[in-house]
1. Just give me a number: lysine pairs in the chain, eight or more positions apart or cross-chain, with C-alpha atoms less than 19 Å apart.
2. Protein chains only, probe 1.4 Å: how do 38, 59 rank by accessible area, largest first?
3. What shape does region 1-145 have by the C-alpha gyration tensor, where a ≥ b ≥ c are the square roots of the eigenvalues, rounded means a/c under 1.5, and otherwise prolate means a/b greater than b/c and oblate the rest?
4. What does the charge count around residue 126 come to, taking other residues whose C-beta lies under 11 Å from its C-beta (Lys +1, Arg +1, Asp -1, Glu -1)?
5. Using the heavy atoms of the protein chains alone and a 1.4 angstrom probe, what is the accessible area of the chain per residue in square angstrom?
6. At 1.4 Å probe size, with no ligands or nucleic acids counted, give the accessible surface of residue 100 in Å², nearest ten.
7. Please work out whether region 61-198 counts as rounded, prolate or oblate from its C-alpha gyration tensor, where a ≥ b ≥ c are the square roots of the eigenvalues and a/c under 1.5 means rounded, while otherwise a/b larger than b/c means prolate and anything else oblate?
8. Among the trypsin sites (Lys or Arg not before Pro) within region 135-187, which fall in a DSSP loop and have no more than 12 other Cβ atoms within 10 Å of their own Cβ?
Amino acid sequence: MKCLVINLDRSPDRLAHITAEFARIGVAFERIVAIDARDHPDLVLQPQHAMYAIRRLSRSEIACMHSHRACWSIIARDDAPYGAVFEDDMVFSAKAGALLADTGWIPADADAIKLETFFSKTMIQRKKTSVGRGFSVFRLRRSHMGTGGYVLSRQMARDLLEATAQANAAADDLVFNPAFPTSGSKTIYQLVPALCAQ
């Protein structure tokens, strides 16, 4: 599975960290140059989703979404049915390499799989599906914010690109907030235990 890592040019220390993490689990990755909010003060002038009428997105949040959007574009064009996206401050489980090296464990109906945890409670379906190596997936039933590590189907990536063509939204809202149609109508899983954490 193609693993994409978002990294700012001005964060070589974080690139060194994530490079060491991927080396430790024996998986290759492709670096995606993050959109730097410092270089784009005009980002706050771009249209935002109606959900942000009261609390507007910051320039950094918009830059983050565009960085993830660059990854979605790669996954949407790729021949592989799934791709993985990571931010550059992740720490991986020792077992992460075996899952990231293959897609055979991914349920056929999965649009997205959240790989990370923030160690906070959310709601998942009771029914679990074992995916091997001590991991299971559960349908995610409540918002579970954060886009530090996740898997997207090619179709979900295309849908996210279309949804953000005219207006900006926070990346984690788009992928993991059921209030958004981009995720509310999709089959979203949570990997348990999580594969990574920030």
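1. Values: 2/95; 2/114; 95/114; 114/127; 114/128; 114/186; 127/186; 128/186.
Qualifying lysine pairs in the chain: 8.
2. I get 38, 59, largest accessible area first.
3. Working: a/c = 1.88, a/b = 1.30, b/c = 1.44.
Oblate.
4. The answer is +4.
5. Numbers: 9390 Å² over 198 residues.
I get 47 Å² per residue for this part.
6. Only protein atoms counted, so the area is about 0 Å².
7. Here region 61-198 falls in the rounded category.
8. Passing sites in region 135-187 are 142.
The values are calculated or read from the model by the stated rules, or taken from the named source; none is laboratory data. Bear in mind the structure is a predicted one, so any value in this text is a computation, not a measurement. Neighbour counts are summed over all protein chains in view; Cβ atoms, including those assigned to glycine, are modelled from backbone coordinates with ideal geometry. Only protein heavy atoms, including side chains, enter the accessible area calculation; ligands, DNA and RNA are left aside. Shrake-Rupley method; radii C 1.70, N 1.55, O 1.52, S 1.80 Å.
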